[in-house]
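Take a look at the structure below.
The values are calculated or read from the model by the stated rules, or taken from the named source; none is laboratory data. What you are looking at is a predicted structure, and each value in this text was computed from that prediction instead of being measured. FYI the Cβ positions are ideal-geometry reconstructions off the backbone, even for glycines, and counts take in every protein chain you see. Quick note on the areas: whole protein, heavy atoms, side chains included, nothing else; ligands and nucleic acids left out. Shrake-Rupley method; radii C 1.70, N 1.55, O 1.52, S 1.80 Å.
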Protein chains: 2
Amino acid sequence: MNSPRKLTHPLALAVLVLLFEKPMHPYEMAATLKQRGKEQSIKLRYGSLYTVIRQLEREGFVEATGTERAGARPERTTYRLTETGEAEMKGWLSALVSEPVKEYRQFEAALSLLPALPPKEAQALLAQRLGRLDEGQRKLQSELAGAAAINLPPLFLIETEYALALLRAERTYVKALIDGIETAELGGMKQWHQWHADRAAARGSH
Amino acid sequence: MNSPRKLTHPLALAVLVLLFEKPMHPYEMAATLKQRGKEQSIKLRYGSLYTVIRQLEREGFVEATGTERAGARPERTTYRLTETGEAEMKGWLSALVSEPVKEYRQFEAALSLLPALPPKEAQALLAQRLGRLDEGQRKLQSELAGAAAINLPPLFLIETEYALALLRAERTYVKALIDGIETAELGGMKQWHQWHADRAAARGSH
DNA sequence: CCACGTATATTCGTTACCGAATATACGTGG
DNA sequence: CCACGTATATTCGGTAACGAATATACGTGG
């Protein structure tokens, strides 16, 4: 259940799931993921795709069923899922669903370093972010609307709904933070101003 | 503002910010980050620390001020921030604050592949996650309480508050998703059950 | 009918990132 | 007083991940 997996790239899990449906060649996997809009939630790079497939093969989770030549296109290798591959897929996906993993978000890093910027600047930059977050929200919503318009069941959109929920939460938080800075209700504002004032003074006197 | 940075690892930004305060040697940077609890929001690995410092030096953002030997400890190299390094720090941090960046969350990938698991199992796994999320929430809250107890100003805890806000949003979403599956209010449940039933049947008939 | 953009399909070289090893000194309990 | 765990401080080697190159065929508008 909690075993350290040999592979870590989520794209490898996507490959296992795709091969669980039916055998495919790598390029078709990529095309399928794109067509279903999954490249929004799973980072898809051709270099990485072929890399993870080689790894999956090395671990015995997938195997080549032979190379074909359809029409006169370049040659291609089709893969299928093995028994252990199916087990790996179920175990890995189950773990990802049931166990939250620690992830390092860039904005979290930025917040933890925010005091390095003067308060006024920080506030203005956060306001800019607010606008960009609204943009992003609109984009996700129109994506959802578009999918609903072609009768795609919500089941296949849950990852987008999740992303939207997180985006909304971030917006709310950023708004509160801006207010906290503006009204100085955020504890530590004095030290923050002071530190930058001292630094400016030190600069001035040489 | 939107320039492609030479360095991308957030730890490099942390180094710039630390050197903005005062010259330091690498190990002291690591110790400082840990002491301030910033390793929660910025991934800190010794291997990466020395790597990014070499890169920062190559780009001219930091420079060695010489190697010292305090007491009889191993030799160490102290670095300081250059002028361009200070500019880089301000530009980079500003960009991170004002511009949301696309990030691929593991759970988003998991949700987009969820239909590969039978609905009942998916629901049970999501319920497990709910419990783990509550645990995580309690941990963050006790961290915040502990920090408040030693009078650390909230300004230095904004990244933790942010993490907590996202965690709460995720909890709410997961709860709603479980309910949607249980009550079959989530659109597409029929196809989901059907696909797995068909598959089981196909297996049975060899 | 042919030039050129796009779709199909994969390989390769580079590097960021990290786990683990290395080396020295300090502290402390037996 | 010495053995062993912990703190100080850095280096090194392996590999996952990827950007970019490669190669072929198809389609289409001029």
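Filtering the range A:170-185 to residues that are surrounded by 20 or more Cβ atoms within 10 Å (Cβ to Cβ) and either outside any helix (DSSP H, G or I) or in contact with a Lys or Arg (Cβ under 8 Å, 6 or more places away or on another chain) (or both) leaves only A:VAL174. In the range B:34-56, is there at least one residue being open to solvent by 50 Å² or more (accessible area, probe 1.4 Å), away from DNA strand C (no atom under 16 Å from the Cβ) and farther than 30 Å from B:GLN191 by Cα? Yes - at least one qualifying residue is present in the range B:34-56.
Check whether at least one residue in the range A:79-98 is open to solvent by less than 20 Å² (accessible area, probe 1.4 Å) and farther than 30 Å from A:LYS6 by Cα, and report yes or no. Checked against the condition, which is being open to solvent by less than 20 Å² (accessible area, probe 1.4 Å) and farther than 30 Å from A:LYS6 by Cα, the range A:79-98 yields no hits at all. Of the residues in the range B:149-164, none is in the same structural domain as B:LEU117 (by TED's automatic domain parsing) and within 18 Å of A:GLU161 (Cα to Cα). Among the helices (runs of 4 or more DSSP H) confined to the range A:4-63, the ones with at least 2 residues that are more than 20 Å from B:TRP195 (Cα to Cα) and charged (D, E, K, R) are located at A:26-35, A:46-58. Given the structure, is B:GLU103 at the interface with another protein chain (Cβ under 7 Å from one of its Cβ atoms) and not hydroxyl-bearing (Ser, Thr, Tyr)? Judged against the criteria, B:GLU103 is a match. For A:GLY188, only one of the following conditions fails: (1) within 9 Å of another protein chain (Cβ to nearest Cβ); (2) open to solvent by less than 30 Å² (accessible area, probe 1.4 Å); (3) under 30 Å from B:MET189 (Cβ atoms). What is its number? That leaves (3) as the condition not met. Go through A:THR78, A:THR84 for me and flag whichever is in contact (Cβ under 8 Å) with a residue 12 or more places away in the chain, more than 14 Å from chain B (Cβ to nearest Cβ) and more than 10 Å from DNA strand C (Cβ to nearest atom). From the options A:THR78, A:THR84, the qualifying one is A:THR84. Looking at the range A:129-139, is at least one residue within 13 Å of chain B (Cβ to nearest Cβ) and outside any helix (DSSP H, G or I)? Looking for residues that are within 13 Å of chain B (Cβ to nearest Cβ) and outside any helix (DSSP H, G or I), one finds none in the range A:129-139, hence no. If only residues of the range B:87-100 that are touching a residue at least 40 places away in the same chain (Cβ under 8 Å) and not in a loop (DSSP other than H, G, I, E, B) are counted, the one that is nearest to the other protein chains (Cβ to nearest Cβ) is B:LEU96.
Within the range A:13-33, the set of residues being away from DNA strand C (no atom under 15 Å from the Cβ), more than 15 Å from the chain's Cα centre (by Cα) and crowded, with 16+ Cβ neighbours inside 10 Å comprises A:LEU16, A:VAL17, A:PHE20. Once the range A:57-67 is narrowed to residues that are of a type outside the set (Lys, Arg) and free of Cβ contacts under 8 Å to residues at least 24 places away in the same chain, the residue that is surrounded by the most Cβ atoms within 10 Å (Cβ to Cβ) is A:GLU57. In a helix (DSSP H, G or I), over 17 Å from the mean Cα position of the chain (by Cα) and either at pLDDT below 95 or surrounded by 17 or more Cβ atoms within 10 Å (Cβ to Cβ) (or both), is that true of B:ALA122? Considered against the rule, which asks whether it is in a helix (DSSP H, G or I), over 17 Å from the mean Cα position of the chain (by Cα) and either at pLDDT below 95 or surrounded by 17 or more Cβ atoms within 10 Å (Cβ to Cβ) (or both), B:ALA122 comes out as yes.
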